[in-house]
Amino acid sequence: TDDAQNWFRPENRFPARVFGSMVYTIGESLCSVQRHSYFALPRNLKFSNSSRIRAVPYDASQKQALSAIASATRGSVYIAGEDLLGDVELQTVNEMYRSVGLRRTRSVWLAYQGTRSEPVGAAIAYRGPMGINFSYLENRCDLLLHPTLPAVDVPGAVASLLSAAATAYQDFELDDIPLISDEMATETLIKLGAEFLRHYCQGIWLKAGHQGFYQHVDSFYAKLLERASKQNKKSRAAAGSR
């Protein structure tokens, strides 16, 4: 895929102004900016789950189910940008990494309630080399919960998914799993022992949106240059009147 994405903290004014507004230029069909909560989840945490919600490892027969829960939680741009209808487990990417002695994988679990055939949640665990930034988003676990999931069922869904996803981090170098989640899981995660660290925004723009992205960035800097030029003229005028 030639789609692109970035991550930024909404409190950081510069990236928030540049990337946080790009949806208005590129369009919602080609671009998405969504705010998530970032947690540190203790890797050795034990989960107890007495609910009827079970986590099932992904296989190719569940591609539409994965698409359905991803669409309900993050939208179509997220699905395309993360290639969730293509190489879900990053097998092709992993082959390239392995050629140089590294690895890059993505493991997925879907949560089902009782006999329902539609998933109520998903956990997507990314594993790869440690990144040069200290947020370790390259090794994050994305926790997706269906927006209509009743609050009483959230703890069971979270416990079942994270218990399954933790198996992907048995050889992780850090004591905590980098966990990305939506707000509806915050209370449950904190009660389980996860530490809330900060908010992050994930910006995604698809291949067809590259031109719009370039125009958006160019327009932003053009406004900065125009403002700087006006300020310089005012400064020179003020100096000349002394």
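Would you confirm, using the coordinates I've provided, whether LEU149 is of a type in the set (A, V, I, L, M, F, W, C), at pLDDT below 95 and touching a strand residue (DSSP E or B) at 6+ places or on another chain (Cβ under 9 Å)?
Spelling it out, it is not the case that LEU149 is of a type in the set (A, V, I, L, M, F, W, C), at pLDDT below 95 and touching a strand residue (DSSP E or B) at 6+ places or on another chain (Cβ under 9 Å).
Out of everything in the stretch 97-124 that is crowded, with 20+ Cβ neighbours inside 10 Å and aromatic (Phe, Trp, Tyr), what residue ends up being nearest to ASP87 (Cα to Cα)?
Top of the filtered list is TRP109.
Give the residues of the stretch 11-32 that are surrounded by 15 or more Cβ atoms within 10 Å (Cβ to Cβ) and either aromatic (Phe, Trp, Tyr) or within 20 Å of LEU197 (Cβ to Cβ) (or both), sorted by residue number.
PRO15, ALA16, PHE19, GLY20
In this structure, does SER219 turn out to be out of contact with any Pro (no Cβ under 8 Å at 6 or more places or on another chain) and under 21 Å from ALA4 (Cβ atoms)?
Considered against the rule, which asks whether it is out of contact with any Pro (no Cβ under 8 Å at 6 or more places or on another chain) and under 21 Å from ALA4 (Cβ atoms), SER219 comes out as yes.
So is ALA208 in contact with a Leu (Cβ under 7 Å, 6 or more places away or on another chain), surrounded by fewer than 20 Cβ atoms within 10 Å (Cβ to Cβ), small (Gly, Ala, Ser) and part of a helix (DSSP H, G or I) or not?
Against the criterion (in contact with a Leu (Cβ under 7 Å, 6 or more places away or on another chain), surrounded by fewer than 20 Cβ atoms within 10 Å (Cβ to Cβ), small (Gly, Ala, Ser) and part of a helix (DSSP H, G or I)), ALA208 qualifies.
With the checklist (1) in contact with a strand residue (DSSP E or B) (Cβ under 7 Å, 6 or more places away or on another chain); (2) farther than 19 Å from ALA185 by Cα in hand, flag the one item GLU28 doesn't pass.
Evaluating GLU28 over (1) in contact with a strand residue (DSSP E or B) (Cβ under 7 Å, 6 or more places away or on another chain); (2) farther than 19 Å from ALA185 by Cα leaves (1) as the failure.
Might you let me know whether the stretch 117-125 holds any residue that is of a type outside the set (Lys, Arg), in a loop (DSSP other than H, G, I, E, B), touching a helix residue (DSSP H, G or I) at 6+ places or on another chain (Cβ under 7 Å) and modelled with pLDDT under 95?
yes
Name the residues in the stretch 122-147 that are in contact (Cβ under 8 Å) with a residue 60 or more places away in the chain and over 20 Å from VAL93 (Cβ atoms), would you?
SER135, LEU144, LEU145, HIS146, PRO147
Test of understanding: among ARG98, ARG52, which residue is more than 20 Å from LEU189 (Cβ to Cβ), modelled with pLDDT of 95 or more and either in contact with a Cys (Cβ under 7 Å, 6 or more places away or on another chain) or not aromatic (Phe, Trp, Tyr) (or both)?
The conditions single out ARG98.
I'd like to verify a number: residues in the stretch 89-143 that are of a type in the set (A, V, I, L, M) and in contact with a Pro (Cβ under 8 Å, 6 or more places away or on another chain), how many?
The total comes to 5.
Restricting the first residue to the stretch 90-116 and requiring it to be at positive phi and outside any helix (DSSP H, G or I), which pairs with a second residue that is crowded, with 18+ Cβ neighbours inside 10 Å and of a type outside the set (Asp, Glu) meet a Cβ separation below 7 Å and a spacing of at least six or different chains?
LEU90/ARG104; LEU90/ARG106
In the stretch 126-141, which residues are assigned to a strand (DSSP E or B) and surrounded by fewer than 20 Cβ atoms within 10 Å (Cβ to Cβ)?
Residue satisfying the conditions is ARG127 alone.
Scan the stretch 57-83 and report the pairs whose first residue is in contact (Cβ under 8 Å) with a residue 12 or more places away in the chain and closer than 14 Å to PRO119 by Cβ and whose second residue is of a type in the set (S, T, N, Q) and crowded, with 20+ Cβ neighbours inside 10 Å, with Cβ atoms within less than 8 Å and a gap of 6+ or a chain change.
PRO57/SER107; TYR58/SER107; ARG74/SER32
The rows are residues; the columns are (1) under 22 Å from GLY128 (Cβ atoms); (2) touching a residue at least 60 places away in the same chain (Cβ under 8 Å); (3) not β-branched (Val, Ile, Thr).
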{"position": "PRO155", "(1), (2), (3)": "no, yes, yes"}
{"position": "LEU162", "(1), (2), (3)": "yes, yes, yes"}
{"position": "GLU183", "(1), (2), (3)": "no, yes, yes"}
{"position": "GLY203", "(1), (2), (3)": "yes, yes, yes"}
{"position": "TYR214", "(1), (2), (3)": "no, no, yes"}
{"position": "ALA222", "(1), (2), (3)": "no, no, yes"}
{"position": "SER229", "(1), (2), (3)": "no, no, yes"}
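Of all residues being of a type in the set (D, E, K, R) and touching a strand residue (DSSP E or B) at 6+ places or on another chain (Cβ under 8 Å) in the stretch 1-10, which is surrounded by the most Cβ atoms within 10 Å (Cβ to Cβ)? Just the residue, please.
Going through the qualifying residues, I end up with ASP3.
The values are calculated or read from the model by the stated rules, or taken from the named source; none is laboratory data. Bear in mind the structure is a predicted one, so any value in this text is a computation, not a measurement. Virtual Cβ from ideal backbone geometry, glycine too; neighbours counted across all protein chains shown.
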